[in-house]
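Chemist: There's a structure below that I have some questions on.
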């Protein structure tokens, strides 16, 4: 007797947990949440290597490549936040994200966030030449888990008064979030 179970999980978690063959052995569905959590925790520890501020001394191309690797492993997308410590709106954006739990949770669930410095000390021209020209800061680029540009976001369109519009920001995050991976397991 053959049954099909359809599970929505982060990309390939089951295959990684069971050596790549979803049909081998009995279904270990009780292990899937535990193993998925373990994979995410390992990736989260490595996410600590990404910059938390705009640092002209960092290798931005390496940081973006690391973020793409993490996003691919976690079934997420990447948000590249381009700006500088000199940029008042960059700090307003940081405070906005920190103050809104629903925004933070959507980012954590769907994206790997990486900051790329743009300043007189380091313009990161080689990296930024890959994508459309930035008109103002901060600027957000959404990349797929393969590193390909999906969206270029002028954050000015997300502003409201002296801050950011929560509904517009959430709509942007939801629009560009990766669809959940569906893994089919035959037992």
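The values are calculated or read from the model by the stated rules, or taken from the named source; none is laboratory data. These numbers come from a predicted model, not from an experiment. Note that we place each Cβ from the backbone using ideal geometry, even for glycine, and neighbour counts take in every protein chain shown.
Chemist: Hey, can you tell me all the residues within the range 117-130 that are closer than 23 Å to residue 88 by Cα and surrounded by fewer than 17 Cβ atoms within 10 Å (Cβ to Cβ)?
Modeler: Listed by number, the residues that qualify are 119, 120, 121, 123, 125.
Chemist: What about residue 163, is it closer than 12 Å to residue 78 by Cβ, in contact with a helix residue (DSSP H, G or I) (Cβ under 9 Å, 6 or more places away or on another chain), modelled with pLDDT of 95 or more and surrounded by 14 or more Cβ atoms within 10 Å (Cβ to Cβ)?
Modeler: No; evaluated as a whole, the condition is false for this residue.
Chemist: Now for a different question. What are the residues in the range 53-97 that are within 21 Å of residue 120 (Cβ to Cβ), outside any helix (DSSP H, G or I) and in contact with a strand residue (DSSP E or B) (Cβ under 9 Å, 6 or more places away or on another chain), if any?
Modeler: 53, 54, 55, 56, 57, 58, 80, 81, 82, 83, 84, 85
Chemist: Considering every residue within the range 156-164, establish whether at least one is within 25 Å of residue 60 (Cβ to Cβ), in contact (Cβ under 8 Å) with a residue 40 or more places away in the chain and either touching a strand residue (DSSP E or B) at 6+ places or on another chain (Cβ under 7 Å) or not in a strand (DSSP E or B) (or both).
Modeler: Scanning the range 156-164, I find no residue that is within 25 Å of residue 60 (Cβ to Cβ), in contact (Cβ under 8 Å) with a residue 40 or more places away in the chain and either touching a strand residue (DSSP E or B) at 6+ places or on another chain (Cβ under 7 Å) or not in a strand (DSSP E or B) (or both), so the answer is no.
Chemist: Here is a follow-up. Give the residue, chosen from 127, 93, 140, that is under 15 Å from residue 172 (Cα atoms) and more than 15 Å from the chain's Cα centre (by Cα).
Modeler: Of the residues listed, the single one that is under 15 Å from residue 172 (Cα atoms) and more than 15 Å from the chain's Cα centre (by Cα) is 93.
Chemist: Working only within the range 112-126, note down all residues that are under 18 Å from residue 154 (Cβ atoms) and either without any contact (Cβ under 8 Å) to a residue 24 or more places away in the chain or outside any loop (DSSP other than H, G, I, E, B) (or both).
Modeler: 113, 115, 116
Chemist: Then there is this: Suppose the filter is surrounded by 12 or more Cβ atoms within 10 Å (Cβ to Cβ), within 15 Å of the chain's Cα centre (by Cα) and either at pLDDT 95 or above or part of a helix (DSSP H, G or I) (or both); does residue 152 pass it?
Modeler: Taking the combined requirement at face value, the residue satisfies it.
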